[in-house]
Amino acid sequence: MALTGRDAGAVPASPPGLGTGRNSVFRRMSSFGRSHETWAWKWTGWAAAAVPLFALTFTVIVLLVKAWPSIRVNGGFFVSGSAWKPGNTYGATVYTHGVAHPLGSSYGAWPLIVGTLQTSGIAVVLALPISLGAAFALTEQLPSWLARPLAFAVEILAGIPSVIIGLWGVLTLGPYLAQHVYPIIADHVPDVPVLRYFRNPVGHGEGLATSGIVLALMIIPIITATTRDLFVQVPPLPKEGAIALGMTNSEVARRMTIPWVRSGIIGATVLGLGRALGETIAVAMVSGAALNTIAPNIYGTMGTIAAAIVTQLDSAYTDGTGFAVSALAEAALVLAAITIAANVIARLIINRTSRNGAPVGRGI
Amino acid sequence: MSMMTRDATGTRGRRMRELAFRGMTLLALVLVVGPAAWILIGVVARAVPHWQWSVLVTPTSGATGGLSQDIVGTLVLMAGVLVVAGTLGILAGVYLSELAPPTSSGRAGGRLFRSATEVLSGVPSITLGFVAYVALVVGLHWGFSLLPAVIVLSVMVIPYIAKSTETALSQVPTGYREGAEALGMSPSYSLRKIVIRSAIPGVVTGLLLALAIAGGETAPLLLTAGNTSSYPTGALLHQPIGYLTYPVWTFYNYPSDQAHYLAYDAALILVVIVMVLLVVSRVIVARTQRHAEGGRG
Amino acid sequence: MFRLTRGKWILPVVLAGTIAAACSSNSSSSTTTTTGAAAAVGAIESPPAAATTLSETGSTLLYPLWNIWAPAYQQKYPQVTINTAGTGSGTGISDASNGTVDIGSSDAYLSNSQVAARPTLLNIPLAISIQVIAYNIPGVSAHVKLSGKVLSEIYQGKITTWNDPAIASANPGLTLPSIPIVALHRSDGSGDTFIFTQYLSKQDATGWGASVSYGTTVQWPSTPGGLAENGNGGMVTGCKATPGCIAYVGISFLSQLLGDGLNYGQLLSGGGNYVLPTPTAVQAEATFFAPRTPANGTISLVNGPVADGYPIINYEYAIVDSQQQSTSTATAIRSLLQWAISPTNGNSSQYLSQVNFQPLPTTVVAQSTKQIASIK
């Protein structure tokens, strides 16, 4: 709800000069001050809201400048090729299209793109139902003396640094899953076409499945917190009416609460998806950081774009022609393009589904 | 109504589905709270056996000693982010929620800003760190120092602060605003005294959570803050600064047990700082809600 | 939309001006310390009397040694503060090249393209580092004999079990189990990968050398169960958790890997014998290369034709720009590096033995001294 531009406390048309009462200089100064104060709020607020846009544009421009050599030389192969070849950085420098790069270097990022989409997809598929369920439990089912500390625990999960989650994933979760959970799944899944993906070998805990689970843990707090806020905003009267008519909690949830806040949930999921796509350190630690492999089954090692950037950046500097750094910059651009695409798709979904114009979830 | 029939949607089926629903939501909650507790217990279990209180007051010497300069550095970085990102994020949230003109171009502008915010939160931290390194550390010759680190961290968390501010403001009943305008208050006055004041709990929560996220970042700080064993001097440029995620990321791979202990200690201190921030935000929310009507549960 | 005033451009301009002024006013105070002619070998200049800060970053293999050197040097010259970081050889070279740090550390010498990017960059040998091949074979506590050819085939996935005839023939009398080999390699760009792949390329020139070659990061052939690990520490913990693993690890992690129950192998030298990484063997290899080391220090010490020389060793380099911005920083850098290579100070066993490094041969110390003297 935006206030109108008209200032409610406009300066009254009165002669200048000092006076008393309604025409006193102090009152005129404060009205003067007040209208300019609104203007100051708007101006600084506009500038502040523009900062993310400015930062994003600046980032894209810097990346484009840095990535230009790689775009020129690798071309379409960058998104379709499966070979991430730094070439012989200590060998000869060759020139393609006027760009200097080491002999034998060519960069194809398709396995990284697949890995990014796979891990983020698994994370969202796991996180969405769990977040919704947890939000329901916290807002509707548990007594508030229990719900408050548990909500606190969810917030803590949001605040834990990703490097600690990555360490825990490598030291504790990965081995535990590889020894106790994955073998059970792998041994009991039938040998049928789609489910074959879940069969052995199970590996040692670093791979696609563990990365997806760790990412899910990192985005669950975001979705849960937002969903909790949304559920609280749902007006109680229609819900109480439904319960009075005999609907069970699950039916109220399914038919009333969720549709009411659907666009908000989608927005929160998109925010979580953004975090999953861009998560760097934790995934670098638990994915096995393979550059050229698409995971052969769900437990296999793979790599994501963000993890590749963080593990390869140092080594890219040993390429004195700057070509390797350029390839990483192009990978970052591809990731930004994926994020923008996910954002656009989500907005389309939101616009399609929020015909009823429910006021909750506004602004998400 | 179908509830009266006794087919698959009959009473017994519905009751079972209700039970299943309750069970699954509770299971979901366990799946969230369980790993959180597991991680915390893991950090504590690794750090406590070799904990020494001297770690808090001794600076690092090579890969031994303590972590005091990293603790101070993290707190200084958080303070910088609070000032920069807090101001910008709150202003942005206020603008998007209250002051953006309701014209179609204004709404389009608001949507553009919001989309940029969402896309920005999806850019990997390493990319933002790399851009800051190229443009600020090297390009402007700032070197590894406090200012580029604060800038890149602020850019990362402004989306969270803006969004939580906007959400908090959207929950302020419109009656407040309408009453204020009816009483003749200027928009800015009612904004300051009524609307924002009512939204403080949500704003503060978002702010403190953003500080926790900023304090836990590693990759962008590796590229902008450098590392040092000396306390921050307050210099904005040309002076590297230590931070707690550095020992966690670097000393974990170090060939000495002392360094490993420091890594676990740093992880524990980070977790404690995060918990303190969250507890403080809860206290502030509880305090302000005592004065407000109908606080949320 | 409201109108922005004309003054909207003032703020960015003022900001830009402030930034420009701030960065041009870095320490340009020139002290008049006379540096004199090239210092004699072993002589150490004093750093400037005023408080100076030096920053170092780079190789994670050299990082533990810097963390031992820095406090010792600062005890002697308290006015110098040294900031160290372990970010990787490539970052060390790049940051030294663009002036973000004073000293970069690298396990690998500069490549032609890096020198072309900044011709005043020096790579100065500081110490000798060694690499071991660690493995986790349950029940086997001997030092398995491995050659570059065998390792190359393991890392190409052609040898897949420990009881393969190729390994068994080199190890008569040793029963190896038939468990699969899990080959670990570094996921991050690394000097360890650089020297390991050099060894493979030199001993298997037609196979590995022709297809994969060497570098700080290479396109690893896929091996059954092969894993990428982050850092030397990751290699050790990963190998400990995986029976049948094999991994290349820097020698500063020797006590870690022994403590974790791993063992290390004897490697086939360039001269034809299987050699353990003892100080004698390393010195033998280093002695061969010392007279062949060029004045700029750029040489690979891997696989020298020395019968009893351990084949995987390398110089650890300090990457420094010979043109420094300020004379006081240059003096401080020279002082620190001279202290580091001095056989009675940095290069003494009191420091090097903590990371199992070896000191520089005398002739190389003289060469490094000359390089250091050229830093102005």
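Summary of values
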item: Test item: Cα-centred dipole of chain A, Lys/Arg +1 and Asp/Glu -1 on Cβ, debye; result: 1380 debye
item: Taking the C-alpha atoms of chain C, convex hull volume expressed per residue in Å³; result: 181 Å³
item: Fewest-first ranking of C:Asp102, C:Asp164, using other Cβ atoms within 10 Å as the exposure measure; result: C:Asp164, C:Asp102
item: Helical segments meeting 24 Å axial Cα length and Kyte-Doolittle -1.0 threshold in chain B (DSSP H); result: B:11-47, B:68-94, B:104-122, B:146-170, B:196-215, B:257-291
item: Most fluctuating residue given options B:Pro102, B:Pro159, B:Pro232, as computed from a GNM of chain B linking Cα atoms under 10 Å; result: B:Pro102
item: Stokes-Einstein D in µm²/s, Kirkwood radius over Cα pairs - chain A at 4 °C with 1.567 mPa s viscosity; result: 53 µm²/s
item: Under 20 Å from the Cα of C:Lys370 - aspartates and glutamates, other chains or at least 8 residues apart; result: C:Glu45, C:Asp102, C:Glu316, C:Asp321
item: Solution diffusion estimate, µm²/s, Stokes-Einstein, the stretch C:269-318, Kirkwood Rh from C-alpha pairs, 37 °C, viscosity 0.692 mPa s; result: 305 µm²/s
item: Mean residue ellipticity (222 nm) of chain C, computed from DSSP H runs ≥ 4 via -39,500 (n - 2.57), nearest 500; result: -10000 deg cm²/dmol
item: Distance from the stretch A:297-335 to the stretch A:131-206 (C-alpha centre basis), Å; result: 27 Å
item: Approximate spin-label separation A:Val232-C:Leu174, in nm, with each point projected 7 Å along Cα-to-Cβ; result: 6.6 nm
item: Net charge contributed by nearby residues that have their C-beta within less than 15 Å of B:Leu146 (K/R +1, D/E -1); result: -2
item: Computed Kirkwood radius, in angstrom, where 1/r is averaged over Cα pairs of the stretch B:122-192; result: 15.2 Å
item: Sum of side-chain charges, C:Leu301 neighbourhood, beta-carbon under 10 Å (Lys, Arg +1; Asp, Glu -1); result: 0
item: Chain A - mean residue ellipticity at 222 nm from DSSP helices (-39,500 (n - 2.57) per run, n ≥ 4, rounded to 500); result: -20000 deg cm²/dmol
item: All Cα pairs of the stretch C:299-345, percent lying beyond 12 Å; result: 72 percent
item: Reachable aspartates and glutamates from A:Lys239, criterion Cα separation under 13 angstrom, eight or more residues apart if same chain; result: A:Glu140, A:Glu251
item: Debye, to nearest 20: dipole size of the stretch B:68-204, +1 on Lys, Arg Cβ, -1 on Asp, Glu Cβ; result: 220 debye
item: Largest-first principal axis extents of the Cα set of the stretch B:6-50 (Å); result: 64, 10, 8
item: For C:68-81, mean number of other protein chain Cβ atoms within 10 Å; result: 1
item: Summed side-chain charge close to C:Glu45 - residues other than C:Glu45 whose Cβ falls under 15 Å, Lys, Arg +1, Asp, Glu -1; result: +4
item: Chain A: most fluctuating residue of A:Trp46, A:Trp168, A:Trp68 per GNM, C-alpha cutoff 10 Å; result: A:Trp46
item: Mean shadow area of chain B, taken as a quarter of the surface of its Cα convex hull (nm²); result: 23.2 nm²
item: Inter-site label distance for B:Ala286 and B:Ala182 at 7 Å from Cα along Cβ, in nm; result: 3.6 nm
item: Listed pairs C:Lys145/C:Lys240; A:Lys85/C:Lys158; B:Lys163/B:Lys193; A:Lys85/C:Lys149; C:Lys202/C:Lys376 exceeding 30 Å between Cα atoms; result: C:Lys202/C:Lys376
item: Contour excess over end-to-end distance, with Cα ends at C:Thr363 and C:Lys158 and 0.36 nm allotted per residue; result: 69.6 nm
item: Å³ per residue enclosed by the Cα convex hull of the protein assembly as shown; result: 193 Å³
item: Average beta carbon contacts from partner chains per residue of A:283-289, 10 Å cutoff; result: 4
item: Stretch gain in nm, segment C:Ser353-C:Ser141, where the contour uses 0.36 nm per residue and the Cα spacing is subtracted; result: 73.9 nm
item: Between helix A:25-74 and chain A: long-axis angle, C-alpha atoms, 0 to 90°, nearest 10; result: 10 degrees
item: Zone of A:Phe77's modelled label, taken as backbone nitrogen in the stretch A:318-352 under 18 Å from a point 7 Å along Cα→Cβ; result: A:321-331
item: Selection from B:Gly109, B:Ala212, B:Val276 lying farthest towards where the dipole of chain B points positive, charges on Cβ; result: B:Gly109
item: Per-residue Cβ neighbour rank within 10 angstrom, fewest leading, C:Asp204, B:Asp257, C:Asp192; result: B:Asp257, C:Asp204, C:Asp192
item: Nearest-20 debye value, the protein assembly as shown charge dipole, Cβ charges on Lys, Arg, Asp, Glu; result: 3740 debye
item: Antiparallel %, DSSP beta bridges [both residues in the protein assembly as shown], to 5; result: 65 percent
item: Estimated D of the stretch B:111-251 in µm² per second, where Rh is the Kirkwood radius over Cα pairs and Stokes-Einstein applies at 37 °C, 0.692 mPa s; result: 191 µm²/s
item: Ranking of A:Phe152, A:Phe136 by count of other Cβ atoms within 10 Å, fewest first; result: A:Phe152, A:Phe136
item: Rg/Rh (Cα only; Kirkwood hydrodynamic radius) as it applies to the stretch A:210-329; result: 1.23
item: Helix C:231-241 vs. chain C, principal-axis angle (Cα, 0 to 90°, nearest 10); result: 30 degrees
item: Amide proton proximity set for C:Lys145, modelled H, under 5 Å, gap of 5+; result: C:Gln266
item: Label-point gap, in nm, between B:Val57 and A:Ala341 - each point 7 angstrom along Cα→Cβ; result: 5.7 nm
item: Nearest-ten-degree value, helix A:110-136 long axis tilted from longest Cα axis of chain A; result: 50 degrees
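Where a number appears in this text, it was derived from the coordinates with a stated rule and is not lab data. Since this is a predicted model, take the numbers as computed values, not measurements. Virtual Cβ from ideal backbone geometry, glycine too; neighbours counted across all protein chains shown.
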